[in-house]
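Each reported figure results from applying straightforward, stated rules to the coordinates on display, with no laboratory input. As the structure is a computational prediction, the values presented were derived from the model and not from experiment. Every residue, glycine among them, receives a Cβ derived from its backbone with ideal geometry; neighbour counts consider all protein chains shown.
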Amino acid sequence: MLKKQLKNYHLILASGSPRRQKFFTDLGADFEVRLKPVKEEYPNTLRHFEITNYLAQLKSFPFLDELKQNDILITSDTIVWHEDKALGKPRTKDEAYDMLKSMSGKTHEVITSFCIRTIDLQKTVHDVTKVSFKKFTDEEINFYINNYDMMDKAGAYGIQDWIGLIGVTNLEGSYFNVMGLPTHLVYKTLIAIANR
């Protein structure tokens, strides 16, 4: 369906995330992956979804000069918002441990923003999902950190991983948003662009 709707467009996904790439494949879209390095820094005055909106837009800037008439560029960013601060990707296993320990037995928010750009349009959309964790033992946290790849994930966890299977006690919002993309909103936005 999406392939047919976007037949006159060239979709560019600016993400190295295998999860996001699989989402677009599963949505039935033809797309090209195009990557450019971006320093993911933001003003410390930004809060909550302002951060992901800013970073999603920031990631689109290196592509602006090369967009052609029928190109649709998609960039995105995800953070975990917990106790009034943003948790990004951990840099060390110790940092990953601290993040998971701080979220243990509590509820946090996962925020993903995506930015869609064409030559004459820019639209940024965000989604928020509330995730509640059980209280983890130190053994469980260390088992996850030592056996799974969480260094490329905001908040040091993937909901689809072992830690999600044993730890998520409640979810309010989109599951796929926690994985890195609110696919229902991406679909809705792309259909709206195709039909304008």
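Quick notes
- When the alpha carbon coordinates of the stretch 136-191 are projected onto the principal axes, the ranges are 46, 23, 13 Å, largest first.
- ³J(HN,Hα), Karplus 6.51/-1.76/1.60, whole Hz, each residue of the stretch 140-150, x for Gly, Pro: 5, 5, 5, 4, 5, 4, 8, 10, 10, 8, 10
- Charge tally in the Cβ shell below 10 Å around residue 19, where Lys, Arg are +1 and Asp, Glu are -1, residue 19 excluded: +2
- Mean-position separation - Cα centroids, the stretch 27-55 and the stretch 103-179, in angstrom: 16 Å
- From helices alone, the chain scores -10000 deg cm²/dmol at 222 nm; the rule is -39500 (n - 2.57) for each run of n ≥ 4 DSSP H residues, then divide by the residue total.
- The phi-based Karplus calculation (6.51 cos²θ - 1.76 cosθ + 1.60; θ = phi - 60°) puts the 3J(HN,Hα) values of the stretch 77-90 at 8, 10, 10, 9, 10, 9, 6, 6, 8, 8, 10, x, 7, x Hz, whole numbers, x for Gly and Pro.
- Residues with amide H under 5 Å from that of residue 67, placed H, sequence gap 5 or more: none
- In terms of the mean number of neighbouring beta-carbon atoms within 10 Å, the peptides 167-178, 16-27, 33-44 order highest first as 167-178, 16-27, 33-44.
- Stretching the chain fully between residue 7 and residue 142 yields a gain of 43.9 nm (0.36 nm per residue, less the alpha carbon separation).
- Near residue 173, once Lys and Arg are set to +1 and Asp and Glu to -1 for all other residues with Cβ below 11 Å from its Cβ, the sum equals -2.
- Amide H partners (placed H, <5 Å) of residue 72, local residues excluded: 10, 11, 12
- Over the chain: Kirkwood hydrodynamic radius from C-alpha pairwise inverse distances, Å: 17.4 Å
- Top positive-direction residue, dipole computed over the chain with Cβ charges, set 62, 44, 133: 62
- With semi-axes defined as the square roots of five times the eigenvalues of the C-alpha gyration tensor, the equivalent ellipsoid of the stretch 100-151 measures 34, 15, 5 Å, largest first.
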